[in-house]
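The values are calculated or read from the model by the stated rules, or taken from the named source; none is laboratory data. Predicted model, so just to flag it, every value in this text is computed and none were measured. When we count neighbours, we look across all protein chains shown, and the Cβ atoms used for this are built from the backbone with ideal geometry, even at glycine.
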Amino acid sequence: MRIIAGERRGHTIFAPRGRETRPTSDRVRENAFNLIGPVDGATVLDLYAGSGALGLEALSRGAVSAVFVETDRDALRAMQRNLDKLRLTGARVVPHSVTTVLAQEAAAGRKYDLVLVDPPYEMTDHTPLARYLPHVLADDGVLVFETDARVEPQLPLAIRKERVYGGTRVTLFEHR
């Protein structure tokens, strides 16, 4: 795995070992960011961050800050190694459950320009996420939801674009 574009383009990044975390492939990440467009100055929330590849890509491409939310210990170690290696500023790692963090962020009124959601593919009930995601997405922000190609995420947001890359579906949402 590597950073595709931006300030740290070409740098390799670590992924946790084992099958608990499924890193987003370089191809899917590149195509997702082509759909998203420029992220200069964006604030990013990376949920189910794993190795941090999506949020790291956003920081490399000019995002000003990224909050990485992950609970898996191996993934957290890999993410910290990546942050140390790339020396990207504006990163904060939150080792708590996604729903807990979303509830806290929504209650605090924090909004993000780019929200990256890449839950485990076996998670098909997105109801707990749907409750909070619209409240943390900035009015003109974009939410990127990565799922198995056979799953169409249902959120109370408008679909901007949707693409399938092999076994992966990438859906971009925005406020109506």
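The figures follow:
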quantity: Residue that is surrounded by the fewest Cβ atoms within 10 Å (Cβ to Cβ) [pool: residues in segment 79-101 that are part of a helix (DSSP H, G or I) and among the polar types (S, T, N, Q)]; calculated: T100
quantity: Matching option when the condition is buried (at least 20 other Cβ atoms within 10 Å of the Cβ), over 21 Å from T43 (Cβ atoms) and of a type in the set (S, T, Y), among T124, T168; calculated: T168
quantity: Pairs where the first residue, in segment 87-100, is closer than 11 Å to L59 by Cβ and the second is of a type in the set (D, E, K, R), C-beta under 8 Å, 6+ apart; calculated: L88/E7; L88/R8
quantity: Condition check for L76: in contact with a Leu (Cβ under 9 Å, 6 or more places away or on another chain) and either under 26 Å from K161 (Cβ atoms) or not in a loop (DSSP other than H, G, I, E, B) (or both); calculated: no
quantity: Which listed residue, of E174, E105, is without any contact (Cβ under 8 Å) to a residue 60 or more places away in the chain and closer than 25 Å to G62 by Cβ; calculated: E174
quantity: Within segment 1-32, considering residues that are within 15 Å of V164 (Cα to Cα) and crowded, with 20+ Cβ neighbours inside 10 Å, the one modelled with the lowest pLDDT; calculated: T24
quantity: Among the residues listed as G50, G62, the single one being in a loop (DSSP other than H, G, I, E, B) and farther than 19 Å from M123 by Cβ; calculated: G62
quantity: The lone exception for A58 - which of (1) modelled with pLDDT of 95 or more; (2) among the small types (G, A, S); (3) surrounded by fewer than 24 Cβ atoms within 10 Å (Cβ to Cβ) it fails; calculated: (3)
quantity: Residue list for segment 57-86, filter: touching a residue at least 40 places away in the same chain (Cβ under 8 Å) and of a type in the set (K, R); calculated: R61, R77, R81, K85
quantity: Residue match in segment 95-112 (condition: modelled with pLDDT of 95 or more, of a type outside the set (D, E, K, R) and under 19 Å from F33 (Cα atoms)); calculated: yes
quantity: Test: D113 is within 25 Å of R61 (Cβ to Cβ), more than 16 Å from the chain's Cα centre (by Cα) and not aliphatic (A, V, I, L, M); calculated: no
quantity: Strands (runs of 3 or more DSSP E) wholly inside segment 102-173 containing at least 2 residues that are under 20 Å from G50 (Cα atoms); calculated: 112-117, 137-148
